[in-house]
Amino acid sequence: IWVLASRGVRPTTRSVLAFEVVSVCLILVLMGAICWRLAAGTAPGRQGWSGTVFVLPPGVGLSALTLAATSGFLAFAGFESAGSLGEESVAPTRMIPRAIITAVAFGAVFYVACIVVQTLGFGTGAAGVSAFRHSEAPLGELARRYVGSPLAALLDLGAVLSALGAGLGGVTVAARMMFAFGRDGLAARRLGAVSAATGVPRRALAAEMLVGLVLLTAFRLAGTSALN
């Protein structure tokens, strides 16, 4: 992440886009395979298309629905980080709003479609809902069920690339924020400098990476699991 982020904003954003495109394409392949087998009646457990995916199960109250809605809203978090790259955009007043709107619109369609297909893939019965709920890697598990281990392995790779892209995006935004704080006197002035060759705020980037390293090391020493 440090190496990619230090090359400049254009290579960094292209790297993030490439990682996410690979991940999305792999997920779309899995979604297509699940839909095909559901339609053909060859899905594991004889699952099929069902509108119950949009119906709340008995006993689910307002509290659970609110919690689920909150998780759904938080799934969209991150689109606003495009605003942090305004100073490095050629036409920020046009490109930044376009980037944010595109991210939200694509996410709305992709997230809903993906969660519906996953729910149908596991099954809408009690056993399927429980399996989905307790799965730590639902896409990989569905890939093994519906396609085979090779696609599951590719999806695991896609998840790694997506995580790398997410980390790279977060680091890029955080470094720009610290740079702005340093430049405007809200933090150490030394953070408000950029590389003459790449335009990257190298000191702010180094500070961000060191903070991340300390946190990751502390989590590891405390025995915190990866998903937590």
Quick one: is residue 190 in contact with a Gly (Cβ under 7 Å, 6 or more places away or on another chain) and among the basic types (Lys, Arg)? yes
I'm told residue 116 meets every condition in (1) of a type in the set (A, V, I, L, M); (2) within 30 Å of residue 205 (Cβ to Cβ); (3) open to solvent by less than 50 Å² (accessible area, probe 1.4 Å) except one. Can you identify the failing condition by its number? (2)
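Being touching a residue at least 12 places away in the same chain (Cβ under 8 Å) and under 27 Å from residue 203 (Cβ atoms): is that true of residue 86 here? Walk me through it before giving the result.
On the way: touching a residue at least 12 places away in the same chain (Cβ under 8 Å): no; under 27 Å from residue 203 (Cβ atoms): yes.
Spelling it out, it is not the case that residue 86 is touching a residue at least 12 places away in the same chain (Cβ under 8 Å) and under 27 Å from residue 203 (Cβ atoms).
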Candidate set from the stretch 1-52 (those that are small (Gly, Ala, Ser) and outside any helix (DSSP H, G or I)); member that is surrounded by the fewest Cβ atoms within 10 Å (Cβ to Cβ): 41
Does at least one position in the stretch 23-42 carry a residue that is touching a helix residue (DSSP H, G or I) at 6+ places or on another chain (Cβ under 7 Å), modelled with pLDDT under 90 and among the hydrophobic types (A, V, I, L, M, F, W, C)? no
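Look through the stretch 119-151, keep the residues that are under 14 Å from residue 23 (Cβ atoms) and free of Cβ contacts under 8 Å to residues at least 24 places away in the same chain, and return whichever of them is surrounded by the most Cβ atoms within 10 Å (Cβ to Cβ). Let's see the steps before the verdict.
From the stretch 119-151, those under 14 Å from residue 23 (Cβ atoms) are 137, 139-140, 143, 151; that's our starting set.
In the following step, the residues that additionally are free of Cβ contacts under 8 Å to residues at least 24 places away in the same chain were identified as 137, 140.
Working: 137: 14, 140: 20.
If we take residues in the stretch 119-151 being under 14 Å from residue 23 (Cβ atoms) and free of Cβ contacts under 8 Å to residues at least 24 places away in the same chain, then 140 is surrounded by the most Cβ atoms within 10 Å (Cβ to Cβ).
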How many residues are touching a Pro at 6+ places or on another chain (Cβ under 7 Å) and either among the β-branched types (Val, Ile, Thr) or within 17 Å of residue 116 (Cα to Cα) (or both) if we restrict to the stretch 54-93? 0
Look through the stretch 181-213, keep the residues that are modelled with pLDDT under 90 and either closer than 20 Å to residue 80 by Cα or not hydroxyl-bearing (Ser, Thr, Tyr) (or both), and return whichever of them is surrounded by the most Cβ atoms within 10 Å (Cβ to Cβ). 199
So residue 163 fits all but one of (1) touching a residue at least 12 places away in the same chain (Cβ under 8 Å); (2) under 27 Å from residue 9 (Cα atoms); (3) not hydroxyl-bearing (Ser, Thr, Tyr); what number is the exception? (1)
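Would a scan of the stretch 168-180 turn up a residue that is open to solvent by 90 Å² or more (accessible area, probe 1.4 Å), free of Cβ contacts under 8 Å to residues at least 60 places away in the same chain and among the aromatic types (Phe, Trp, Tyr)? Quick ask: steps written out before the conclusion?
Of the stretch 168-180, the ones open to solvent by 90 Å² or more (accessible area, probe 1.4 Å) are none.
Taking every residue of the stretch 168-180 in turn, none turns out to be open to solvent by 90 Å² or more (accessible area, probe 1.4 Å), free of Cβ contacts under 8 Å to residues at least 60 places away in the same chain and among the aromatic types (Phe, Trp, Tyr).
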Checking residue 61 against (1) open to solvent by 60 Å² or more (accessible area, probe 1.4 Å); (2) more than 17 Å from the chain's Cα centre (by Cα): exactly one of these is not met. Which one? (1)
Cβ-Cβ distance below 8 Å, separation of 6 or more or different chains: which pairs start in the stretch 64-81 with a residue that is open to solvent by 70 Å² or more (accessible area, probe 1.4 Å) and end on one that is not aliphatic (A, V, I, L, M)? 79/107
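Do we have residue 173 as closer than 19 Å to residue 89 by Cβ, under 25 Å from the mean Cα position of the chain (by Cα) and either part of a loop (DSSP other than H, G, I, E, B) or modelled with pLDDT of 95 or more (or both) here? Don't jump to the end; show me each part of the working.
Values: closer than 19 Å to residue 89 by Cβ: yes; under 25 Å from the mean Cα position of the chain (by Cα): yes; either part of a loop (DSSP other than H, G, I, E, B) or modelled with pLDDT of 95 or more (or both): no.
Against the criterion (closer than 19 Å to residue 89 by Cβ, under 25 Å from the mean Cα position of the chain (by Cα) and either part of a loop (DSSP other than H, G, I, E, B) or modelled with pLDDT of 95 or more (or both)), residue 173 does not qualify.
The values are calculated or read from the model by the stated rules, or taken from the named source; none is laboratory data. Just so it is clear, the structure is predicted and the values come from calculations on it, not from any experiment. Cβ: placed from backbone, ideal geometry, glycine included. Neighbour counts: every protein chain shown. Heavy atoms of the whole protein, side chains included, go into the accessibility calculation; ligands, DNA and RNA do not. Shrake-Rupley method; radii C 1.70, N 1.55, O 1.52, S 1.80 Å.
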